[in-house]
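The values are calculated or read from the model by the stated rules, or taken from the named source; none is laboratory data. Everything quoted here is computed from the prediction, not taken from an experiment. Don't worry about glycine lacking a Cβ; one is built from the backbone with ideal geometry, like all the others, and counts go over all protein chains shown.
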Amino acid sequence: MNPPSNPTRRDFLKTSGALALASTIIIPEHVRAADLAKDKIKVGFIGCGGRGTGAASQTLQADSNVELWAMGDVFRDKIDSSLQVLKAQFEQQPDKLNVAEERKFDGLDAYQKVINSGVDVVLLTTSPGFRPLHIKAAVDAGKHVFCEKPMATDATGVRSVIESAKKAKEKNLALVDGFVWRWTKANQEAYRRIHAGEIGDILAIYSSYYTGAVDRYPKWNRTNTKTDLEWMIRRWYYHTWLGGDHIVEQAVHSLDKMLWTMKDVPPERVVCTGGRQTRPNDPPGEYGNIYDHFSAEFHWESGVKGYHFTRQMGSCYNANTDTVIGSKGTYEGESGSKRHVFLRTENPWRYKAPEGLKDDGYLTEHQEMYASIRSGRPINTGDRFTKTTMMAIMARMSAYSGKEVTWDRAMNSKEDLFPKNMTWDMKLPVAPVAMPGSTELI
């Protein structure tokens, strides 16, 4: 995961263009590429939590000739509970599940054992801090990859994933993301119209991601975990090195749509504020070091500004909205609903789903991945998902430090949160909660 030397925003855009061009080139390097046009595809599942189990279910529904071949997680109980759920879901299709006992792998090296078990596709759904390492290992081994968002928790990880995305292109491997709203027909139609100029020139973008503060791991604490590392991974959401903070792990969906509005041209700079107002600090460390609110102001070279607000607090107003203000009208969208409308335009529009269409982006992202693999033209979305991940990380960097952060400064950050030489019994203290004005911008 050594970073390339000093990439700039212009270098990033130039590389992105090269990646987009490379997506049209077929290089039949993957040894099973021809067979995968018709053969049964073996799937390896790495990271067997709730979202991962959902992704595994969706991948098994997405193609008629796939089977779950191997499972891996750092904890064996996660594998067992996930498989139990999948068996219940696929009771009428037991051939979809072919996970022999010797292909259930637990421990810190479980990911590599799954990759080496003879699979064709790997699902990467662990906590995000592990994502760069796992993407690299899968691509190096010549595997097609579905990876949940986000793809890293720091700039060092993003640079690693950029290199892996390039290598996946060279090897003609699928590399598909879990930014689910990109895969829904409603959003695709709305953003197609925005890009076609139906609301005029983009002037400003607003998004919100206001949710409650759910205690995600009520049964895990320092009394029933043996080591620092086990405790942190069991409660991964609350630790920045594992989850990236909630603007990176959750609200990144909203930033992805903001970037989509701008045709995936990254912002020039950001100023972000945030803090930790309601998360419990007792018992010490149980709720890690993440914030509970952020407010970001992104600036593009074109003059467009993007405003994003996110909060995780109980008993408060909740909303998940997107607004794009143009010179000729306004778009308003709301995730998880059919509210995709243009207001105050010469030609008002509201999205209407075709009769019988189940607009399920969680399923579509897998369907399109397998169709691309079968066709010999695998999808690679690495260009855009690395930009979105970096956009969220640069906002967190700004909030934690209290500084304005440019894209180039963020991309060249030396911050590297992932522990080195990881072992179960290593000492791993909880990093202090960031204090703007005092926390260093690395």
Exercise for the section: Specify the residue that is surrounded by the fewest Cβ atoms within 10 Å (Cβ to Cβ); the eligible residues are those in the range 360-401 that are of a type in the set (Asp, Glu) and in a helix (DSSP H, G or I). Expected result: Glu368
Handout entry: Restricting the range 393-411 to residues that are polar (S, T, N, Q) and farther than 13 Å from Glu297 by Cβ, the residue that is nearest to the chain's Cα centre (by Cα)
Key = Thr406
Exercise for the section: Provide a single number: the residues in the range 220-260 that are surrounded by fewer than 21 Cβ atoms within 10 Å (Cβ to Cβ) and more than 30 Å from Asp425 (Cβ to Cβ). Expected result: 1
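From Ala110, Ala70, grab the single residue that is in the same structural domain as His144 (by TED's automatic domain parsing) and in contact (Cβ under 8 Å) with a residue 60 or more places away in the chain.
After applying the criteria, what remains is Ala110.
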Practice task
Please work out which one of (1) buried (at least 18 other Cβ atoms within 10 Å of the Cβ); (2) in a strand (DSSP E or B) is the condition Thr273 fails and give its number.
Solution key: (1)
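Okay, residues lined up against (1) outside any helix (DSSP H, G or I); (2) under 23 Å from the mean Cα position of the chain (by Cα); (3) aromatic (Phe, Trp, Tyr):
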{"position": "Ser64", "(1), (2), (3)": "yes, no, no"}
{"position": "Asp77", "(1), (2), (3)": "no, no, no"}
{"position": "Ser82", "(1), (2), (3)": "no, yes, no"}
{"position": "Ser117", "(1), (2), (3)": "yes, no, no"}
{"position": "Leu123", "(1), (2), (3)": "yes, yes, no"}
{"position": "Thr126", "(1), (2), (3)": "yes, yes, no"}
{"position": "Gly129", "(1), (2), (3)": "no, yes, no"}
